[in-house]
Amino acid sequence: MTTQRTSPSSTARRNETSRRAILTAAFELVQEVGYVKLSIEGIASRAGVGKQTIYRWWTSKGAVLFDAFLMLSEHPDGGGSALPDTGDLEADLKAVLRATVAELNDPRYDEPMRALNTEITHDPALAALYSERLDGPMRELKKQRLRNAQQAGQLAQDLDLDVAVDLLWGPLLNRWLQRSGALTPDYADNIVETALNGLRPRH
C-alpha cells in the first residue's frame, strides 16, 4: 500500500485559495448583513471552510475584515503604488484626494470601512496591526510625495510632513466618519488649496 504525499507547493496553493475565499466571503457578508451580524460561522459557511481554518489564521472577525482590505489593496506585481508625481503638486494632490472621495462614497466599501474603523477604535492590537501594515506604509507614500515637493522647492524645507499629511487627508476622513457634510470633488480641491495656500491673508 502506498501513501500519497501532498507537496508543499500544492498545500500552499490550497491555503492561498482558502484564504482568499475567506476574505472575499467576509467582505461580501459585511455588506449584506452589517458588521454586528457578521460571524465567523457565516464567513466559514460562505467560504466553504471549517471555523477551525479561520481561527487558525485570525483571532477575530475584525482581523479577518482587515486582511480583506489588505487583499483588495494588493498589487499584481507585489509592489506598492506611489502617489502621482507629474511635477505639479497641487494637481497631483487633487487627483489623489478626488480618488479618495470616490472610494469613500462607494457603497461597496462604506459599511466594511466603517466596521473596520469601529474595531480599530476598540481593539488596540488591531489598531497596531493597522498602523504597521496599512496606514503606516500609506502614510510613507504620502510623505514621500511631499518630500519630493520639498526637494523641488515647492514646499517649505522645515515643513512637518506628518502634520501636512494630517492636514490634507484628515478632513476627508473626519467628514466621512461623522457624516457631517457631503464628500465631493470640489471639497477635495478646497482642502488642497487651503492646505497649500495657508490660512493667513495674502499680501
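The values are calculated or read from the model by the stated rules, or taken from the named source; none is laboratory data. Model, not experiment: these values are computed from the prediction. Don't worry about glycine lacking a Cβ; one is built from the backbone with ideal geometry, like all the others, and counts go over all protein chains shown.
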Taking region 14-45 only, how many residues are of a type in the set (Lys, Arg), closer than 19 Å to residue 113 by Cα and surrounded by 13 or more Cβ atoms within 10 Å (Cβ to Cβ)?
1
With 115, 99 as the choices, which residue is closer than 30 Å to residue 196 by Cα and in the same structural domain as residue 138 (by TED's automatic domain parsing)?
99
Among residues of region 70-99 being at pLDDT below 95 and of a type in the set (S, T, N, Q), the residue surrounded by the most Cβ atoms within 10 Å (Cβ to Cβ) is 73
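Matching residues to (1) touching a Leu at 6+ places or on another chain (Cβ under 7 Å); (2) within 23 Å of residue 70 (Cα to Cα); (3) touching a residue at least 24 places away in the same chain (Cβ under 8 Å):
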| site | (1), (2), (3) |
| --- | --- |
| 121 | no, yes, no |
| 134 | yes, yes, yes |
| 137 | no, yes, yes |
| 141 | yes, yes, yes |
| 144 | no, yes, yes |
| 151 | no, no, no |
| 175 | yes, no, no |
| 184 | no, no, yes |
| 192 | yes, no, yes |
Among the residues of region 39-59, is any under 20 Å from the mean Cα position of the chain (by Cα), over 30 Å from residue 194 (Cβ atoms) and among the acidic types (Asp, Glu)?
no
Determine which member of the set 99, 125 is in a helix (DSSP H, G or I), more than 24 Å from residue 60 (Cα to Cα) and not aromatic (Phe, Trp, Tyr).
99
Region 165-190: number of residues that are more than 19 Å from the chain's Cα centre (by Cα) and part of a helix (DSSP H, G or I)
5
Can you name every residue in region 145-162 that is part of a helix (DSSP H, G or I) and more than 25 Å from residue 105 (Cα to Cα)?
146, 147, 148, 149, 150, 151, 161, 162
Identify the residue in region 155-203 that is of a type in the set (Val, Ile, Thr) and farther than 21 Å from residue 138 by Cα and, among all such residues, is modelled with the highest pLDDT.
184
